[in-house]
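The values are calculated or read from the model by the stated rules, or taken from the named source; none is laboratory data. As the structure is a computational prediction, the values presented were derived from the model and not from experiment. As a convention, Cβ positions derive from the backbone with ideal geometry for all residues, glycine included, and neighbour counts pool all protein chains shown.
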Amino acid sequence: MVRALRAFADGYVSLLLPLYLIALGLTPLQVGVIATATLLGSGMLTLWIGHHAFRFRYRTLLLAATALMAATGFAFAIVRDFWPLLLIATIGTLNPSSGDVSIFLPLEQALLARLASARARTSIFARYSLVGALAGACGALFAGFPEMLHDVAHIETLTALKGMFAFYGALGLVAALVYRRLPPAAGVETEAQSAPLHRSKRIVYTLAALFSLDSFGSGFIVQSLLALWLFQRFQLSIAVAGTIFFWTGTVSALSYLAAVRIANRFGLINTMVFTHLPSSALLIAVAFAPDLGWAIVLLLLRSALSQMDVPTRNSYVMAVVSPGERAAAASVTAVAKSLSSSIGPLFAGYLLGASTFGWPLVIGGSIKIVYDLLLLATFRSVRPPEEAPVRSER
């Protein structure tokens, strides 16, 4: 339930964030700087959790994260100037991306992995991602609400946008009420260890390095800046952009179910690579779309493939590390993704300020193709436990 609440909030905030900042008088470059700050701050906080989560009960950390989410939303609804907004973005939980890059992610992943058997793990992560994607798609559709208020109730657009960020803070409080229902001892590991990462350090750091390359490419096309490009290139309204991202999110959600069946047949690594590779090529093609219709078709096709690696990647990381190191592994890989993706929005904001051509899409897609090839070359022979019988039969 909390995954759905957070995804819904991220779904509309990622679309409204650039419009809100532009309405406050900021430039596209400043929008990129703030998007970078949100990802950089999330990465640093997640890094801290990765090193210290084993000292605390997960329930306590999750409740603290919801308090930070609430404070972030309320603060963004009040502050108007660039430098205070930059500070709030750095220490807060705003997510300019369509994916989950928050501090909640490693804690929830570790809890899910403890509840699942090896055979059911990928399926559970797929359902977890499915809920998030569907809620995020609904959130993107909800992004048109301020425009509706302006047309129907004649409420000033800036006022309506501020209300949406205040609602983000309220959703953080609701999430806290849900987390309070967790058992106080939820997430306490029975396996003693002297460090957050020990036996699995080498493989986790290698995966983190590869994931950081993928996220560096993703940083050029975080949903906030992809929306900004669509606004500039095709002069879209908020409602139309929200509808587009609703359908791309819905298509992505349905792909999670297919990812489980594909992974069971062809393996986690093969599923990650051979679905992600064509989606990266489609991303590059979007930049050359001659009109909005073609751009939508290409975005939908990409959405059918681009997120299949999410549940399979999460499942793979949890499979190849020891149970006691799962929270740390999830945190380290999440940090690598957050920090690397934080660089791209800065360059993307600059490029969008200089040209309406989709240079961020071309650059981001090209980097992601390199990641796919490196991942396949490095980890094709490293199989999770549930795939070991297939290897031995061969």
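Below is a table of values for the structure above.
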| item | result |
| --- | --- |
| Residue list for the stretch 294-339, restricted to those being without any contact (Cβ under 8 Å) to a residue 60 or more places away in the chain and not β-branched (Val, Ile, Thr) | Trp294, Leu298, Leu299, Leu300, Leu301, Arg302, Ser303, Ala304, Leu305, Ser306, Met308, Asp309 |
| Those residues of the stretch 139-159 which are within 31 Å of the chain's Cα centre (by Cα) and of a type in the set (A, V, I, L, M), in sequence order | Ala140, Leu141, Ala143, Met148, Leu149, Leu158 |
| Conditions (1) within 22 Å of the chain's Cα centre (by Cα); (2) farther than 20 Å from Pro106 by Cα; number of the one not met by Thr38 | (2) |
| Tabulated pairs, the stretch 8-21, first part of a helix (DSSP H, G or I), second among the charged types (D, E, K, R), C-beta under 9 angstrom, 6+ apart or interchain | Asp10/Asp100; Tyr20/Lys162 |
| Residue in the stretch 278-296 that is within 23 Å of Ser381 (Cβ to Cβ), of a type in the set (A, V, I, L, M) and out of contact with any strand residue (DSSP E or B) (no Cβ under 8 Å at 6 or more places or on another chain) present | no |
| Filtered residues of the stretch 297-316 (kept if among the small types (Gly, Ala, Ser) and at pLDDT 90 or above) | Ser303, Ala304 |
| Condition met for Val222 (touching a residue at least 40 places away in the same chain (Cβ under 8 Å), of a type in the set (A, V, I, L, M, F, W, C) and closer than 20 Å to Ser381 by Cα) | no |
| Residue ranges of helices (runs of 4 or more DSSP H) in the stretch 308-386 with at least 3 members of a type in the set (Val, Ile, Thr) | 309-319, 326-341, 359-379 |
| Any hit, the stretch 349-370, residues being farther than 17 Å from Tyr205 by Cβ, in contact (Cβ under 8 Å) with a residue 24 or more places away in the chain and among the charged types (D, E, K, R) | yes |
| Residue that is nearest to Leu149 (Cα to Cα), among those in the stretch 224-252 that are buried (at least 24 other Cβ atoms within 10 Å of the Cβ) and touching a Ser or Thr at 6+ places or on another chain (Cβ under 6 Å) | Ser224 |
| Those residues of the stretch 161-185 which are surrounded by 18 or more Cβ atoms within 10 Å (Cβ to Cβ) and more than 21 Å from the chain's Cα centre (by Cα), in sequence order | Leu161, Lys162 |
| Residue check, Leu351 of a type in the set (A, V, I, L, M, F, W, C) and over 30 Å from Gln30 (Cα atoms) | no |
| Only listed residue being within 20 Å of Pro385 (Cα to Cα), surrounded by 22 or more Cβ atoms within 10 Å (Cβ to Cβ) and among the hydrophobic types (A, V, I, L, M, F, W, C), chosen from Ala263, Ala334 | Ala263 |
| Selection from the stretch 155-172 of residues that are under 14 Å from Ala67 (Cα atoms) and among the small types (Gly, Ala, Ser) | Ala166, Gly169, Ala170, Gly172 |
| Hits in the stretch 288-297 (condition: surrounded by fewer than 20 Cβ atoms within 10 Å (Cβ to Cβ) and either among the hydrophobic types (A, V, I, L, M, F, W, C) or more than 14 Å from Phe234 (Cα to Cα) (or both)) | Phe288, Ala289, Leu292, Trp294, Ile296, Val297 |
